[in-house]
Each structure stands twice: as structure tokens, then as C-alpha cells.
Amino acid sequence: MNFILLGAPGAGKGTQAKLLSSNLDIPHISTGDMLREEVKKLTALGEKVRVYMAKGELVPDELVLEAIKKRLQEDDCENGFVLDGFPRTLVQAKDLDRLLEGINKRINLVIKLSVSPEVVLSRLSARQICEFCGADYNLETRPPEKEGKCDLCGGELVQRMDDRNEVILNRLEVYEKQTQPLEVYYREQNRLIEIDGGRDKDLVLKEILQIIRKDDRA
Ligand code: AMP
């Protein structure tokens, strides 16, 4: 089962991808996490992408495509994967289809998480992530047990550089202009399912799992 989670920043793609990954025992592949890791490690790729990420702009397609191509051909993707934050442009979506066709695979379902702009803003401005392991928290709805410290590894909790209010607004605009067209692309191919992502994470997960069980495209 190969899935894409689609939706605006703050729609809950990362949260659901992690839950699906452990429920279905398939890897969670987040291009955002992959790129943040490169920035943290000060690699050549990290240096190239840092400026785009800080402004909430998309990183050039060719840089992301190179990284994801390698990742999708690793052994743990054999029984499926859940993509979070990729593809984000039509060029990426078409390239992904071509790549998968070449290795006899395809995307079974694209699950779009819909949320209102108000929910997005409140979720992202209250989000903190662990600098060390990437676990994420919401200071209002899912705070850590000890302020400023990750429950899982004790790492420092920080705000993502692109979760500042002025950058959030730009990310939402970028989503609308560059990523929203993908909804049409996948809907026309009858691969898109839209669900309400504004609810509690366990309810959203339950609905996704039900869809996966019943839908013969999955
Ligand atoms: P995310 O963690 O998915 O919100 O991604 C954080 C940032 O990483 C985005 O705002 C982009 O700058 C960059 N990024 C992540 N995935 C992609 C992608 N598929 N294409 C281009 N840029 C990306």
C-alpha cells in the first residue's frame, strides 16, 4: 500500500503519517524531515535548501526529487510507504508516477486532509518540535510533560524556523498556488479521498484506517 498524505501545512499530515506508519508497519517518508536533517548536519544540500525553507518557499524540484528517488528504492519501501509533504508540485507528482512505474509500483491512494485556515494557524503557532528526534508537540492540545523537554528523548523543544506567523502565511499561499493543483490531478485519476482533518487525531486515524480496509484501490 503506497499512500500520499496531502493537505496544507498544519493539516496533520506528519501526525497521521507517523500513526499510519506504526499501524501498517510501513515507512513514513517526510521530505520536510529529510531536508531539515540536511540543514542540521550542515551538508551541501542543507546549505542549498536552508534559505528556501526559512522563507516558507518550496525547495527546487530537482533537489527534492534526487533525495526522494534514492529513499523510495530502499528495501524498507518494499511493502509500502506513506509520503508526507511530497509531492508538492505537478512536476514532482508526474516524476513520482514515472519513477514508480519504472519499479513496478504505483500510488494506491491520496488522502487529502482538509482543515480551515483558523485551525492551521492555531496548530502551527502552538507547535514545538524536538531538536534531537523531531517529535512534535502542541503547547495547547499536546504539551510535553516537562516544559521545553521532549517526552521521548529529553531533547530541547524549539519552534520550527518556518512556524513563525509571517512565514506560516507565506506557506499557506505557496500551498494554494503550487500544491493545490495536485488535488485536481489525483481526483481526475480517481485516486483522491478527502477527509476532515480538523478533528482529534485518533478520529482522523480511525477514518483513514477504515477507508484503507474497505477501499479496493488500497
Ligand atoms: P514540511 O515539513 O513538509 O512542512 O516542509 C518544510 C519545508 O521543506 C517546506 O516549506 C519546503 O521549504 C521544504 N519542502 C519539503 N518538502 C518539499 C517538497 N516536496 N518540495 C519542495 N520543498 C519541500
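The values are calculated or read from the model by the stated rules, or taken from the named source; none is laboratory data. All values derive from a computational prediction rather than experimental measurement. Note: ideal-geometry Cβ built from the backbone for every residue, glycine included; neighbour counts use all protein chains shown. The protein model used for the area step is the full one, side chains on, heavy atoms only, and it has no ligands, DNA or RNA in it. Shrake-Rupley method; radii C 1.70, N 1.55, O 1.52, S 1.80 Å.
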Say whether the condition of being more than 27 Å from Lys201 (Cα to Cα) and among the charged types (D, E, K, R) is met by at least one residue in segment 3-24. no
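So in segment 131-161, with the set limited to residues that are among the aliphatic types (A, V, I, L, M) and surrounded by 14 or more Cβ atoms within 10 Å (Cβ to Cβ), which one is nearest to Asp200 (Cα to Cα)?
So, considering only residues that are among the aliphatic types (A, V, I, L, M) and surrounded by 14 or more Cβ atoms within 10 Å (Cβ to Cβ), the one nearest to Asp200 (Cα to Cα) is Leu139.
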Counting only residues in segment 149-170 that are of a type in the set (Val, Ile, Thr) and part of a helix (DSSP H, G or I), the one farthest from Gly10 (Cα to Cα) is identified as Val167
Among Asn108, Asn104, the single one that is closer than 28 Å to Glu183 by Cα, polar (S, T, N, Q) and open to solvent by less than 40 Å² (accessible area, probe 1.4 Å) is Asn108
Reported set for segment 81-124 where residues are at pLDDT below 95 and among the small types (Gly, Ala, Ser) is Gly102, Ser116, Ser122
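If you go through segment 57-94, how many residues are in contact with a Lys or Arg (Cβ under 7 Å, 6 or more places away or on another chain) and either among the aliphatic types (A, V, I, L, M) or over 23 Å from Ile111 (Cα atoms) (or both)?
Total meeting the criteria: 2.
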Counting only residues in segment 171-218 that are part of a loop (DSSP other than H, G, I, E, B) and touching a residue at least 24 places away in the same chain (Cβ under 8 Å), the one surrounded by the most Cβ atoms within 10 Å (Cβ to Cβ) is identified as Gly197
In segment 40-57, residues that are within 9 Å of the ligand (Cβ to nearest atom) and closer than 24 Å to Ser21 by Cβ total 2
Of the residues in segment 143-192 that are touching a strand residue (DSSP E or B) at 6+ places or on another chain (Cβ under 8 Å) and within 12 Å of the ligand (Cβ to nearest atom), the one that is nearest to Lys55 (Cα to Cα) is Asp163
Looking across segment 14-42 at residues that are over 30 Å from Arg213 (Cα atoms) and open to solvent by 40 Å² or more (accessible area, probe 1.4 Å), the single one that is farthest from the chain's Cα centre (by Cα) is Leu42
Counting only residues in segment 76-101 that are away from the ligand (no atom under 16 Å from the Cβ) and open to solvent by less than 10 Å² (accessible area, probe 1.4 Å), the one nearest to Gly197 (Cα to Cα) is identified as Gly80
